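Accompanying notes for the structure given below.
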Amino acid sequence: IAESFARADSRFRLIRQAKAGLGAARNTAIGHALGTYIAPLDADDIWDPEKLEKQVAVMEKAEPDVGMVYCWSRRIDAKGKFLSYSHPYAVEGRIRRALILRNLLSNASVPLFRRSAISEVGPYLTRTEQRGGQGCEDWDMNLRVAEKYVIRCVPEYLVGYRQRPSCMSVNAEMMTKSYEVVIARARARSPDLPKTL
C-alpha cells in the first residue's frame, strides 16, 4: 500500500529499515522529515481529517515556547468501531508534574510537536535503551518536551486509538520494563520533585 502511494505521488517517501522497535522507527522517520512539525501516527490508529489542521492552527498562534499540542482520543476496536473515550484532560502550560503523574496524552498518535523541540530534547528511546521493553517511549518524549516547553491542547476527540488483544500495551512485561526506565529517567532529570510524586 505504501509503495503504491509513493509511486503515484512524489510527496510520499517510503523509508525502510530493519526491525528495531518503535523508538528506532520514529527516530529514522524524524531524521528524514523536512517539515516544521512532527506528528507520529501508529500504524493501526487513525486521525480525523481535521486533526493536523486544528493542531497546527493552535501552534501557529502560540508563543514560540510551545513545544507540543495534543488532543483527545477515542478507543476503537480492530474494525474501527467505537469502544470508549479517553479521559478529556485539558491541562495546559508547564505540565511536567501532571505528566509525571499520568500520561495525559494517552497514546503516541495524539501529539503534534514543534520539530525544534524534538531536536533540543533528543530522540525517542530505543528498545535497547528500555532494556528490551517498549511502549512508554512516547511518554518519555512528552515528558522531556514538557520539561522545557509550554504544552497546549485542542479539546476535541481527533484520534482513533485502536485496541486489539495483541496490542503492545497489553504486554505487561514489556510495558513494565519501559515504564521503569522512563520513570527512572524522569526522576534523574527532576530532583526537585517530591519522592511521593
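The values are calculated or read from the model by the stated rules, or taken from the named source; none is laboratory data. Since this is a predicted model, take the numbers as computed values, not measurements. In this analysis, Cβ positions are derived from the backbone assuming ideal geometry, glycine residues included, and neighbour counts consider all displayed protein chains. Please note that ligands, DNA and RNA were not included when accessible areas were found on the heavy atoms of the full protein model with its side chains. Shrake-Rupley method; radii C 1.70, N 1.55, O 1.52, S 1.80 Å.
Some points to look at:
- Two-decimal log10 I(q)/I(0) for region 1-76, as the Debye equation yields it once each C-alpha is a single scatterer, q = 0.15, 0.17 Å⁻¹: -0.72, -0.92
- Residues with amide H under 5 Å from that of VAL150, placed H, sequence gap 5 or more: VAL66, GLY67
- Per-atom-type breakdown for the chain gives carbon and sulfur 56% of the accessible area (1.4 Å probe, protein chains only).
- Take region 1-99 with all the other protein chains still there, run a 1.4 Å probe, and you get 64 Å² of accessible area per residue.
- Computed over the chain, the quotient of the alpha carbon radius of gyration and 2.2 N^0.38 Å is 1.01.
- Take each peptide in 155-161, 65-71, 82-88, count the other Cβ atoms within 10 Å of every residue, and average; sorted highest first, the result is 65-71, 155-161, 82-88.
- Packing-based ranking, highest mean first, of 125-134, 39-48, 96-105 given that Cβ atoms within 10 Å are counted: 125-134, 96-105, 39-48
- Simple label model, 7 Å out from Cα along Cβ direction - ALA29 to THR128, nm: 2.2
- Rough spin-label spacing in nm, given labels placed 7 Å along Cα→Cβ, for GLU120 and ILE15: 2.2
- Surface exposure of region 125-197, expressed per residue as accessible area with a 1.4 Å probe, stands at 49 Å².
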